[in-house]
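Below is one structure; the comments refer to it alone.
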Amino acid sequence: MSNPSSLVLPPYKGSIVRVSALDDGRIALPAKFLIQPPMFGHDILDIPAFCFLGENDQAGKKVMFDLGIVKAWSTKIGPTRESVRGEEHCSCLFSSLSSIKAIIWSHHHIDHRGDPSLFPSTTSLVVGPNFKSNPAIYPGYPNNPGSVTNQDAFNGREVIELDFSDSQPTVGNLRAVDCFQDGFFYILEASGHTHDHKMALARTSEDKFLLLGADAAHHRGEFRPTPLIPLPDSITPTPFEHPNSISVCAGAAFEPIDRSSSSGAARTTPFYETSPIMMTDPNACQETLEALKVFDASPDVLVIIAHDYTVLDFFELS
Ligand SMILES: [Zn+2]
Ligand SMILES: [Zn+2]
């Protein structure tokens, strides 16, 4: 199939990874905290918190991308977060945590860190650039009383701080680190949401990839539609069940809520923008979103963001 985005993906090095999505809890927030402008009837986002297990059976390598919600926040970090709930660590799903070679934190937020202290010291923790020099997140609480992370995540294990400034490969205009040097799992520099935010690109077959977008967006409407993937004129067969819906144009049904419908860019402008609350660097955030749009337009890449409730009906989740 042709690739409308002209995205250049990394060459195949003979190695692929099987990726499992783990559904680690729910977060309910006013939509305006995450996306804008407000839309009538779309006031609350009740969203999952996914983490991902990558398994390369051939090489015997396993990696976690995020660990989900910090369950013990009331004892490990400061104030209560009643909007975050989760009953069980995703780590409880594994019979042997020692098989996990590395945990990669997409970034330092409470709904992504989980509890690395449950893993043996042989599991390393991978963090983003300048992580260890930021006193707001490192060292962790209680060693550093003002930290939002917890110190037992770091104790006794190798904490690897990524540095994208070396001559690294570039994927989709983003600087990348080939995690295991065999081309099946790349970490992509994708700051803006936070300074240490990253995405991951997993090769699931010789020519297909999963792009794990973490919090580069919190709703697919932040990166769809675009000129690369415009709203269609119609969807066949119709997704509507009403017997008279055969005459409904699905693309036209969404057009009235397109933010640019009056400016001639209807059907090609994302429905939402990122809320300022979700950005530490607006320019970097937008650059990451632009990269995400290009990945999303590729027929060889499936994009899944960490809080994407739209996939709950389609994927079998652990
Ligand atoms: Zn976040
Ligand atoms: Zn998040």
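Residue-wise test of (1) over 27 Å from Gln58 (Cβ atoms); (2) surrounded by 23 or more Cβ atoms within 10 Å (Cβ to Cβ).
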position	(1), (2)
Leu162	no, no
Ala176	no, no
Ile187	no, yes
His197	yes, yes
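For segment 28-57, enumerate the residues that are β-branched (Val, Ile, Thr) and either more than 15 Å from ligand 1 (Cβ to nearest atom) or more than 15 Å from the chain's Cα centre (by Cα) (or both).
Within segment 28-57, Ile35, Ile44 qualify.
Can you say whether Ser106 is under 23 Å from Gly60 (Cα atoms), within 16 Å of ligand 2 (Cβ to nearest atom), modelled with pLDDT of 95 or more and not basic (Lys, Arg), as far as the supplied structure shows?
yes
Exactly one condition in (1) basic (Lys, Arg); (2) more than 16 Å from ligand 2 (Cβ to nearest atom); (3) modelled with pLDDT under 90 is false for Lys62; which is it?
(3)
Out of the residues in segment 269-289 that are under 11 Å from Glu222 (Cα atoms) and surrounded by 15 or more Cβ atoms within 10 Å (Cβ to Cβ), state the one that is nearest to the chain's Cα centre (by Cα).
By that ranking, first place goes to Leu289.
Kindly evaluate Asp233 against the criterion of being buried (at least 19 other Cβ atoms within 10 Å of the Cβ) and modelled with pLDDT under 95.
Against the criterion (buried (at least 19 other Cβ atoms within 10 Å of the Cβ) and modelled with pLDDT under 95), Asp233 does not qualify.
Can you name every residue in segment 111-144 that is among the polar types (S, T, N, Q) and assigned to a loop (DSSP other than H, G, I, E, B)?
Ser121, Thr122, Thr123, Asn130, Ser133, Asn134, Asn143, Asn144, listed by residue number.
Can you find, within segment 130-149, the residue that is farthest from the chain's Cα centre (by Cα) among those that are under 27 Å from Phe185 (Cα atoms) and more than 16 Å from ligand 1 (Cβ to nearest atom)?
Ser133
Can you tell me how many residues in segment 134-175 are free of Cβ contacts under 8 Å to residues at least 60 places away in the same chain and under 19 Å from Ala291 (Cβ atoms)?
Selection size over segment 134-175: 6.
Could you count how many residues in segment 204-232 are under 13 Å from the mean Cα position of the chain (by Cα) and within 23 Å of Gly183 (Cα to Cα)?
6
I'd like to check something: does segment 103-112 contain any residue that is more than 16 Å from ligand 1 (Cβ to nearest atom) and of a type in the set (Gly, Ala, Ser)?
no
Somewhere in segment 39-47, is a residue without any contact (Cβ under 8 Å) to a residue 24 or more places away in the chain and of a type in the set (A, V, I, L, M)?
The answer is yes; a qualifying residue exists.
Exactly one condition in (1) under 21 Å from Gly54 (Cα atoms); (2) assigned to a loop (DSSP other than H, G, I, E, B); (3) away from ligand 2 (no atom under 16 Å from the Cβ) is false for Ser147; which is it?
It fails just one condition, (1).
Identify, from the list Asp300, Asp308, the residue that is surrounded by 13 or more Cβ atoms within 10 Å (Cβ to Cβ), away from ligand 2 (no atom under 16 Å from the Cβ), in contact (Cβ under 8 Å) with a residue 40 or more places away in the chain and within 23 Å of Tyr186 (Cα to Cα).
The unique qualifying residue is Asp300.
Taking into account only those residues within segment 109-129 that are away from ligand 2 (no atom under 16 Å from the Cβ) and hydrophobic (A, V, I, L, M, F, W, C), which is nearest to the chain's Cα centre (by Cα)?
Residue satisfying both the conditions and the ranking: Val126.
The values are calculated or read from the model by the stated rules, or taken from the named source; none is laboratory data. Worth saying up front: this structure is predicted, and the values here are computed from it rather than measured. Because the Cβ atoms are built from the backbone with ideal geometry, glycine has one as well, and the counts that use them run over all protein chains shown.
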